[in-house]
Amino acid sequence: MVASSSASLLLAAAGGGGLLLRQLFDAPTGTFTYLLADVPSSEGLLIDPVFEQHERDLSLIRELGIQLVACLDTHAHADHVTGSWLMRQATGSAIALAAAARAENVTQPLHHGDRVAFGSRHVEVRSTPGHTDGCVSYVLDDQSMAFTGDALLVRGCGRCDFQQGNAHTLWASITGQLLSLPDSCLLYPGHDYTGRTVTSVVEEKAFNARLGGGATERDFVGHMDNMKLPHPHKIAEALPGNMRSGKPREAATATPSWAPLQRSYAGLPELPPDWVAEHRSGLVILDVRSAEEFEGPDGRIAGSQWIPLPELEARSGEIPTGQPVVVVCHSGSRSALATQQLLKAGRDQVANLRGGLRIWGDEGYPLEGAITPGSLS
Ligand SMILES: [Fe+2]
């Protein structure tokens, strides 16, 4: 087969049309990232990139031959760190965010009515505060699609109980800026946690549980003010990171080559379950949970070595040398600490199992002694 030129590759990748849209997903945070590209010019935009998914997004952009003009965030997120700064380092793309968010390292501060061009196309910036006061939505030039961030979600909307949230303001944003778009305008949300990927103006007007079907502002505010949601668990890490546009506090060290390590925002080496499963025979799996957990109904990876986290420092000499170590616990948080301890102690081939045994089980990898395999809670 004759290799396609990058222009014809992009055209075909876009389904033969003039615009490419790819929806990408970060499962741990339920975040959608969108890649938009104008096929004739190959120029593109990336909306709401996730720090931990940088390598994935960059590979796609490079493979499709897209010249990335800008990363656009819809707001300063509380649940994940943006990948905008990393992408700028890799491609020179602008970092665009609402000026109202007052974040550092933004190269293109946005205001309501601004246009961000990519090739012959553009998105229009619409201020849609209420979830945060710096929230914006991006509407494609022909109003066929809009990227709503957390202002409007599929059959829902972003919460209003922290980060300057205000339900009255959100009502005005959604009804005035989003549901006023053509009924056929497709709406792409910033998140979904139940597998829904896209909606439309006509559907949300009719079926949005909070504000559709004839609900009034009073109904909406009454709903939003009584949701009693738990505090977002990553806010302490995510918000400061986003106020730097995702620039790490310290430069990441060079990635060792023994495995396809991905560095979390905290700088820890992590490995995905599929790689660990595939290379299981060449690895020491170190389980740092308590005795009750290790012997309990959640089960364990067969053949793993067990040293509870509180005993790790004293007993780290028991871990065989000469083989890489993958550390596991239930969710990946205690094992992150253990990974850090082992790295500090001078072990170099150490990584955390991303998502812990919970995700390992959810993805269908075997757990010896588990009572309900694959369904850890
Ligand atoms: Fe948000």
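The values are calculated or read from the model by the stated rules, or taken from the named source; none is laboratory data. These numbers come from a predicted model, not from an experiment. Using ideal geometry, Cβ is built from the backbone for each residue, glycine included, and neighbour counts are taken over all protein chains shown. These accessible areas exclude ligands, DNA and RNA; they are computed on the full protein's heavy atoms, side chains included. Shrake-Rupley method; radii C 1.70, N 1.55, O 1.52, S 1.80 Å.
Within segment 195-206, is even one residue exposed (fewer than 12 other Cβ atoms within 10 Å of the Cβ) and under 27 Å from the mean Cα position of the chain (by Cα)?
The answer is yes; a qualifying residue exists.
If we scan segment 27-42, do we find a residue that is within 21 Å of His233 (Cβ to Cβ), within 13 Å of the chain's Cα centre (by Cα), more than 16 Å from the ligand (Cβ to nearest atom) and surrounded by fewer than 20 Cβ atoms within 10 Å (Cβ to Cβ)?
Checked against the condition, which is being within 21 Å of His233 (Cβ to Cβ), within 13 Å of the chain's Cα centre (by Cα), more than 16 Å from the ligand (Cβ to nearest atom) and surrounded by fewer than 20 Cβ atoms within 10 Å (Cβ to Cβ), segment 27-42 yields at least one hit.
Look through Gly246, Gly213, Gly241 and report the one residue that is open to solvent by less than 20 Å² (accessible area, probe 1.4 Å), in a loop (DSSP other than H, G, I, E, B), of a type outside the set (A, V, I, L, M) and touching a Phe, Trp or Tyr at 6+ places or on another chain (Cβ under 9 Å).
Gly246
Could you say whether any residue in segment 192-201 is in contact (Cβ under 8 Å) with a residue 24 or more places away in the chain, more than 25 Å from Pro28 (Cα to Cα) and not aliphatic (A, V, I, L, M)?
Within segment 192-201, not a single residue is in contact (Cβ under 8 Å) with a residue 24 or more places away in the chain, more than 25 Å from Pro28 (Cα to Cα) and not aliphatic (A, V, I, L, M).
All but one of (1) more than 16 Å from the ligand (Cβ to nearest atom); (2) open to solvent by less than 40 Å² (accessible area, probe 1.4 Å); (3) under 16 Å from Val221 (Cβ atoms) hold for Cys185, so report the exception by its number.
Result: Cys185 fails condition (3) only.
Among the listed residues Leu357, Leu367, Leu286, which satisfies the condition of being open to solvent by less than 40 Å² (accessible area, probe 1.4 Å) and over 21 Å from Pro269 (Cα atoms)?
Only one candidate qualifies: Leu367.
For Leu11, all conditions in the list (1) touching a Pro at 6+ places or on another chain (Cβ under 9 Å); (2) more than 16 Å from the ligand (Cβ to nearest atom); (3) not aromatic (Phe, Trp, Tyr); (4) not in a helix (DSSP H, G or I) hold save one; what is the number of the exception?
Exception for Leu11: condition (4).
Per-residue answers, yes or no, for (1) more than 26 Å from His231 (Cβ to Cβ); (2) within 20 Å of the chain's Cα centre (by Cα):
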residue: Ser84; (1), (2): no, yes
residue: Thr91; (1), (2): yes, yes
residue: Arg121; (1), (2): yes, no
residue: Val125; (1), (2): yes, no
residue: Gly134; (1), (2): no, yes
residue: Ser144; (1), (2): yes, no
residue: Val154; (1), (2): no, yes
residue: Arg159; (1), (2): no, yes
residue: His168; (1), (2): no, no
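I'd like to check something: does segment 176-185 contain any residue that is assigned to a loop (DSSP other than H, G, I, E, B), under 22 Å from Asn226 (Cα atoms) and of a type in the set (Gly, Ala, Ser)?
Within segment 176-185, not a single residue is assigned to a loop (DSSP other than H, G, I, E, B), under 22 Å from Asn226 (Cα atoms) and of a type in the set (Gly, Ala, Ser).
I'd like to verify a number: residues in segment 158-168 that are within 20 Å of Phe32 (Cα to Cα) and open to solvent by less than 10 Å² (accessible area, probe 1.4 Å), how many?
Final tally of qualifying residues: 1.
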